[in-house]
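Student: Quick one: the structure is below, and I'll ask about it shortly.
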Amino acid sequence: MHVFALVLVVGSIMTVDLRLLGLVNRERPFSELAGEMLPWTWVAFTVAATAGLLMFSSKALVYYGNIPFRLKMCCLLLAGINMVVFHWLGTRHLETWDRKQPPTLAKFAGGASLLLWSTIVAAGRWIGFTT
């Protein structure tokens, strides 16, 4: 369940991030695309987080001392901070770039998000080989 939900989280986030980078869906307004994807992201994230907490609770001491687990949690925190900063600063003047190429700050947020979520997935897989 955790992996399935995480695939939905990462897939929906990647769709938005690739639009921020101006690589896909350039003809669609960012606000429209984000409005369609973000509800799916939040539902899938809730499922993934719940399943992840249940897995963590089964071997909390083992996972807590695991380096890949710590890396995953740090990147998850950074991804959350990146999202908050983007929604606070990056969408202030959304109406000026909604149908155009996103500004540099939005592109940076999208690139950072892709890097962080790729690391989260890789570290999550790495946990299975180190516990």
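The values are calculated or read from the model by the stated rules, or taken from the named source; none is laboratory data. All values derive from a computational prediction rather than experimental measurement. Here the Cβ positions follow ideal geometry from the backbone for every residue, glycine too, while neighbour counts run over all protein chains shown. We work out accessible area using only protein heavy atoms, side chains counted, and drop any ligands, DNA or RNA first. Shrake-Rupley method; radii C 1.70, N 1.55, O 1.52, S 1.80 Å.
Student: For helix 2-20, what angle does its Cα long axis make with the longest principal axis of the chain, in degrees from 0 to 90 and rounded to 10?
Tutor: 20 degrees
Student: By how many degrees, between 0 and 90 and to the nearest 10, does the Cα long axis of helix 104-130 differ from the longest principal axis of the chain?
Tutor: Around 20 degrees separate the two axes.
Student: How big is the chain along each principal axis, measuring the range of its Cα positions in Å and listing the largest first?
Tutor: Largest to smallest, the principal-axis extents are 49, 23, 22 Å.
Student: Could you look at segment 62-131 and say what percent of its accessible area is carbon and sulfur, using a 1.4 Å probe and all protein chains?
Tutor: Answer for segment 62-131: carbon and sulfur cover 70 percent of the accessible area.
Student: Which of the GluC sites (Glu not before Pro) found in segment 1-103 are in a DSSP loop and have at most 12 neighbouring Cβ atoms, other than their own, within 10 Å?
Tutor: The qualifying sites are GLU27.
Student: Tell me the mean residue ellipticity at 222 nm calculated for the chain from its helices only (DSSP H runs of n ≥ 4, each -39500 (n - 2.57), averaged over every residue, nearest 500).
Tutor: Computed mean residue ellipticity for the chain: -26500 deg cm²/dmol.
Student: In degrees from 0 to 90, rounded to the nearest 10, what is the angle of the helix 67-85 Cα long axis to the longest principal axis of the chain?
Tutor: The helix 67-85 is inclined about 20 degrees to the chain.
Student: Which three extents, in whole angstrom, do the alpha-carbon atoms of segment 27-89 cover along their principal axes, largest first?
Tutor: Between the extreme Cα coordinates on each principal axis of segment 27-89 lie 47, 22, 18 Å.
Student: By the scheme Lys and Arg +1, Asp and Glu -1, what is the net charge of all other residues having a beta-carbon under 13 Å from that of ASN82?
Tutor: So the surrounding residues net to 0.
Student: Another question, if that's okay. Just the accessible area per residue of the chain, please: how many Å² with a 1.4 Å probe?
Tutor: Each residue of the chain exposes 61 Å² on average to a 1.4 Å probe.
Student: Can you spot the lysines whose alpha carbon is less than 17 Å from LYS72's alpha carbon? Ignore those fewer than 8 places along the same chain.
Tutor: Answer for LYS72, where 17 Å is the Cα cut-off: LYS59, listed by chain and number.
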